Protein chains: 2
Amino acid sequence: MITGQNLVGGLWESNASDRIFQTANPKTKEYLSPMFQEATSEQVTLAVEKAAAAFEAYAATSFEQRVELLKAIQDEIKQKKTEIIVTYQVESALPEGRAKGELQRTLDQIERFIELLKDGSFSQATIHTHGPDLRKMLFPMGPIVVFGASNFPLAFSTAGGDTISALAAGCPVIVKAHPYHAGTSELVAQAIHSALKNRGLPLSIFSHLGGQSHTVGSDLVTHAKVKGVGFTGSFFGGKALYDLAQKRSEPIPVFAEMGSINPVFILEHKLKSDENLAADLASSVTLGTGQFCTNPGVIIICDPSQESSLVRRMHEEMRKMELPPMVHANIELKFKEQIAELTARGKEVEYYFSDNNHAVIGVVSAFHFIENPSLSEEVFGPFSLIVHCHSLEEMVDVVAGLKGQLTATLLSSPEDQKAVQLLLPKVQAKVGRVLFEGVPTGVAVTQAMQHGGPYPATTDSRFTSVGSDAIYRWLRPLAFQDCPDELLPLALKKENPLGIQRRVNGVLTTEAV
Amino acid sequence: MITGQNLVGGLWESNASDRIFQTANPKTKEYLSPMFQEATSEQVTLAVEKAAAAFEAYAATSFEQRVELLKAIQDEIKQKKTEIIVTYQVESALPEGRAKGELQRTLDQIERFIELLKDGSFSQATIHTHGPDLRKMLFPMGPIVVFGASNFPLAFSTAGGDTISALAAGCPVIVKAHPYHAGTSELVAQAIHSALKNRGLPLSIFSHLGGQSHTVGSDLVTHAKVKGVGFTGSFFGGKALYDLAQKRSEPIPVFAEMGSINPVFILEHKLKSDENLAADLASSVTLGTGQFCTNPGVIIICDPSQESSLVRRMHEEMRKMELPPMVHANIELKFKEQIAELTARGKEVEYYFSDNNHAVIGVVSAFHFIENPSLSEEVFGPFSLIVHCHSLEEMVDVVAGLKGQLTATLLSSPEDQKAVQLLLPKVQAKVGRVLFEGVPTGVAVTQAMQHGGPYPATTDSRFTSVGSDAIYRWLRPLAFQDCPDELLPLALKKENPLGIQRRVNGVLTTEAV
């Protein structure tokens, strides 16, 4: 049952605050019950203080104990599956298939961290016994604040990659629930709370705080005992949190994934020869009503002869599409406003609308795209801008003007090989992932995934927020010099009781020292 | 020969600027020739622009080519050894033994990165072929600015760990030379420049700019094409650079190592039983005239009976010591001022001076130490504060009040075991390295070393500035999805031509995919 309460340092609390808010069904525009309470400043402080007090105990848990916790979280989520799926759909208007898919993805993500903890080599145990006996491993940083994302109510929210990677690392977590899907978020928080109870772990290592204003988030990020922040959302929101964190008397790391226009480059021969391009791109642009971080927001085509029918065919594909509403009326409003602003701005860009005005594509010359940097700002929603290049040189100029991105896609035919060789080093300096086939939407959760990229795609390109390497955002190296074996963490002990891969005097081994 | 010129994007340039400065011999206080030119804003811009232009080519060099470059740097430094050692001594007043030792350490550090590049597994090649073919490895970030450190004219300066780790990573480097040892710095820059020439690599990947004012440094850190910063020095300097970098329209990572008071905890039974403590600590506090980052600035003793003679014995040890001057008159002046300020401040702290007033120890109760946070600020020089605790509980309170540190040392006897078990988890949450024997000065350059720590010891506790892991500060993951083999970097190709350890579908292997 959804109560609208906050989970503060292990206790569900009701407060008499008048700061309350509701979620709404984006399809029917109806408000949903119950009312949710915005966490008070006192509750924020209490949640952080209790997380910090429990840090020492939680950091000392074995990898095995954390595996048991993550398994219990999976079980509890499965038990609440029906209620979560129903709530998810009324709060987001996303279809049942997507709801179920995202729930499964969330469970699968947790499984990846279970595997990581079982393997244990993520702890990067490094031992050097010549000279002083030095043994180093990764150690959790402290309480982490996680912000739920609007566009993924499960996989990038309460038990999403940020929370689970931080819990796997040994860090307490305080979730700031996204107000657009506060009910879904509370149900998942209940699951995590129950899992902690079942495993006899300190309840105060997980808090779940609601709020519609920015106060709860900024109170959390500026609290002295918070040691890191995870965020997925808009540039505006991510940058504000980053700035707050850097102005603290103790600055802390913020991993904010702030979106991207995910350029797709279609080279000359590919453009001529691939019959499926229009359909593939149209479906990628409109997937999830354009609300994926890796949505292709700009498609750069090399078309010297100006004969390509790509735009016309994409428009045909998108024209009749019936897209579900965006996940919240405010997001849809923002999208409509951005489109209205763009179309009012002049004649350099031609726009093509779907019959219901839901999806939009624009067409612009490379010259005007380069001249107007505002055209490379993200339009969050089912929109893409097709940039028309007359030559490979123009494509190179487009790359030079790009800011940091999550992904870029280079679509080529064998005859385009030389062009790709020229473009690739320039493109890879700007992105976290380069695709050579298909479309950028769809982010596989594997250790080889990179979901990150140079600023402004994220605030720290050295990390990823998807895949098991996401754990490294919340870990720091700690070295023990001449430490008696009985005081060493399991990962560093002489006999290697965990049986993990360790680097001993430069050699990877599972042997004792 | 030292010319006083700047090395700007591969060319030694003389400018007509009137912004010139000199180094001085700290022993004789005499100014040294020649005059050094402060780099102009135009030179800063040119150096960065040329570094950025050469980035693509340098990032594409093989690990083998970078090994050859690092070897050539070693050779060139060795060739200039005599001149470097002489200049080092007149500029820093540090003795010949230290000069030679630091030069050897600098060469050894380079050797560690040669080994790292030969091994190749630092690139963290990760391949996942189920689902989309995803291949990820670490990729250089772009031009890096390195600031020379005052206290280590070789090992933490021009060809020190910051520069060499960035070059090994594939990043161009612009060194802002430390003005106190501008001659030593120029000689080493000449060595790096010659090495690039010998290996036929782009000369513009290394620049060396001088300056006495803060302008050169701030121009560098705020230049849009600079992608990272390495610094070792004061809190004041490091924090200023960090803030500049965070206020850029594109914030960039700054790894600033800003010092530490490196607390040494001596437990009750150890204090009673160890005869050598006074001599060991006295020599650690005064080593290099107290100018080591890991100098023990505070020694916390558990002495319920108040019978310890440690202070008296340390004073005896230090009393007759003849310390060389500090590396620069300004640093010595700052030290004297801080000591004067401390001694004028009240009677809670008792001070003991060496006969020549060079070295100082203070004694204070835990109560007053906790009450006065200013007492836990670093005094850079041969100084240590002994904090007297009446009980283990007081020691725990002292730990709770500590800020982030590079190191902490826990000295105990077998009878202190329980006390150590209580203190350790609290201490390790505050530091990058915990020692259980000896003294914190002396930082072994191995992969298991951690020279870093929570803020304010550094600005990013997730990295180290000593040891081969220092390379990770300048690398970010880049994933290739469905990339044709011929376009992949060597580390990710099907056949594994580099023969490196790769994680393929979760398993570490050197096999082909």
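Per-residue answers, yes or no, for (1) surrounded by fewer than 24 Cβ atoms within 10 Å (Cβ to Cβ); (2) within 14 Å of another protein chain (Cβ to nearest Cβ); (3) of a type in the set (A, V, I, L, M, F, W, C); (4) over 27 Å from B:Arg313 (Cα atoms):
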| site | (1), (2), (3), (4) |
| --- | --- |
| B:Lys347 | yes, no, no, no |
| B:His358 | yes, no, no, no |
| B:Ile370 | yes, no, yes, no |
| B:Gly381 | no, no, no, no |
| B:Cys389 | no, no, yes, no |
| B:Glu394 | yes, no, no, no |
| B:Gln447 | yes, yes, no, yes |
- Message: Looking only at the range B:44-84, how many residues end up being surrounded by fewer than 16 Cβ atoms within 10 Å (Cβ to Cβ), within 22 Å of B:Leu220 (Cα to Cα) and without any contact (Cβ under 8 Å) to a residue 60 or more places away in the chain?
- Response: 1
- Query: Based on what the data block shows, is B:Thr23 crowded, with 21+ Cβ neighbours inside 10 Å, away from chain A (no Cβ under 14 Å) and among the polar types (S, T, N, Q)?
  - Reply: yes
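Assess whether A:Lys225 counts as being basic (Lys, Arg), assigned to a helix (DSSP H, G or I) and in contact (Cβ under 8 Å) with a residue 12 or more places away in the chain.
Numbers: basic (Lys, Arg): yes; assigned to a helix (DSSP H, G or I): no; in contact (Cβ under 8 Å) with a residue 12 or more places away in the chain: yes.
Taking the combined requirement at face value, the residue does not satisfy it.
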- Query: Quick check, is A:Val146 closer than 26 Å to A:Gln37 by Cα and either of a type in the set (Lys, Arg) or in contact with a Lys or Arg (Cβ under 8 Å, 6 or more places away or on another chain) (or both)?
  - Reply: yes
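For the range B:301-326, which positions are surrounded by fewer than 23 Cβ atoms within 10 Å (Cβ to Cβ) and outside any loop (DSSP other than H, G, I, E, B)? Step through it out loud before you land on a result.
We begin by selecting, within the range B:301-326, every residue surrounded by fewer than 23 Cβ atoms within 10 Å (Cβ to Cβ); these are B:303-313, B:315-317, B:319-325.
Within the range B:301-326, B:Leu310, B:Val311, B:Arg312, B:Arg313, B:His315, B:Glu316, B:Glu317, B:Arg319 qualify.
Table: residues versus (1) more than 27 Å from B:Ala53 (Cα to Cα); (2) not hydroxyl-bearing (Ser, Thr, Tyr).
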| site | (1), (2) |
| --- | --- |
| B:Gln109 | yes, yes |
| B:Ile114 | no, yes |
| B:Ser121 | yes, no |
| B:Gln124 | no, yes |
| B:Ser157 | no, no |
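Any chance the range B:67-82 includes a residue that's hydroxyl-bearing (Ser, Thr, Tyr) and part of a helix (DSSP H, G or I)? Lay out the reasoning, then the answer.
Restricting attention to the range B:67-82, the residues satisfying the condition of being hydroxyl-bearing (Ser, Thr, Tyr) are B:82.
With the extra rule that they be part of a helix (DSSP H, G or I), the set shrinks to B:82.
Yes, that holds for at least one residue.
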- Which condition breaks for B:Leu333 when tested against (1) within 21 Å of B:Lys27 (Cα to Cα); (2) surrounded by 15 or more Cβ atoms within 10 Å (Cβ to Cβ)? (2)
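Out of all the residues in the range A:480-505, which are touching a strand residue (DSSP E or B) at 6+ places or on another chain (Cβ under 7 Å) and among the aliphatic types (A, V, I, L, M)? First the steps, then the outcome.
If we filter the range A:480-505 for residues that are touching a strand residue (DSSP E or B) at 6+ places or on another chain (Cβ under 7 Å), which is where we start, we get A:480-483, A:488-489, A:491-492, A:496, A:501-505.
Result: A:Leu488, A:Ala491, A:Leu492, A:Val504.
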- Message: Suppose the filter is surrounded by 23 or more Cβ atoms within 10 Å (Cβ to Cβ), not basic (Lys, Arg) and not in a loop (DSSP other than H, G, I, E, B); does B:Ala189 pass it?
- Response: yes
- For the range A:430-455, name all the residues that are over 26 Å from A:Glu102 (Cα atoms) and touching an Asp or Glu at 6+ places or on another chain (Cβ under 7 Å). A:Tyr455
- Query: Can you name the residue in the range A:400-423 that is part of a helix (DSSP H, G or I) and buried (at least 20 other Cβ atoms within 10 Å of the Cβ) and is also nearest to the other protein chains (Cβ to nearest Cβ) among such residues?
  - Reply: A:Val420
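Kindly provide the set of residues from the range A:57-101 that are among the basic types (Lys, Arg) and within 24 Å of A:Lys118 (Cα to Cα), ordered by number. Can you show your working first?
Residues of the range A:57-101 among the basic types (Lys, Arg): A:66, A:71, A:78, A:80-81, A:98, A:100.
Selection gives A:Arg66, A:Lys71, A:Lys78.
Please work out if B:Glu56 is in contact with a His (Cβ under 9 Å, 6 or more places away or on another chain) and within 14 Å of chain A (Cβ to nearest Cβ).
no
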- Message: Of everything in the range B:222-277, what is crowded, with 16+ Cβ neighbours inside 10 Å, aromatic (Phe, Trp, Tyr) and within 22 Å of B:Val175 (Cβ to Cβ)? Give them in sequence order.
- Response: B:Phe231, B:Phe235, B:Tyr242, B:Phe255
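Checking the conditions here, which among B:Gly467, B:Gly442, B:Gly453, B:Gly432 is closer than 22 Å to B:Gly161 by Cα, under 21 Å from the mean Cα position of the chain (by Cα), surrounded by fewer than 22 Cβ atoms within 10 Å (Cβ to Cβ) and within 12 Å of chain A (Cβ to nearest Cβ)? First the steps, then the outcome.
Details: B:Gly467 fails: surrounded by fewer than 22 Cβ atoms within 10 Å (Cβ to Cβ); B:Gly453 fails: surrounded by fewer than 22 Cβ atoms within 10 Å (Cβ to Cβ); B:Gly432 fails: surrounded by fewer than 22 Cβ atoms within 10 Å (Cβ to Cβ).
When all the criteria are applied, what remains is B:Gly442.
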- Those residues of the range A:115-155 that are buried (at least 20 other Cβ atoms within 10 Å of the Cβ) and part of a helix (DSSP H, G or I) come to a total of 4
- Counting only residues that are over 23 Å from A:Ser413 (Cβ atoms), assigned to a loop (DSSP other than H, G, I, E, B), within 32 Å of the chain's Cα centre (by Cα) and more than 8 Å from chain A (Cβ to nearest Cβ), how many does the range B:473-513 have? 2
- Message: Six or more apart or on different chains, Cβ atoms under 8 Å: show the pairs whose first residue is in the range B:14-27 and hydroxyl-bearing (Ser, Thr, Tyr) and whose second is part of a loop (DSSP other than H, G, I, E, B) and surrounded by fewer than 16 Cβ atoms within 10 Å (Cβ to Cβ).
- Response: B:Ser14/B:Thr3
- Search the range B:140-156 for residues that are farther than 26 Å from B:Gly288 by Cβ and touching a residue at least 24 places away in the same chain (Cβ under 8 Å) and pair each with any residue that is assigned to a strand (DSSP E or B) and basic (Lys, Arg) when their beta-carbon atoms are under 6 Å apart and the residues are at least 6 apart or on different chains. B:Met141/B:Arg476
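Every number here is computed from the coordinates shown, using simple stated rules; none is lab data. Treat the numbers as computed from the prediction; the structure is a model and nothing was measured. FYI the Cβ positions are ideal-geometry reconstructions off the backbone, even for glycines, and counts take in every protein chain you see.
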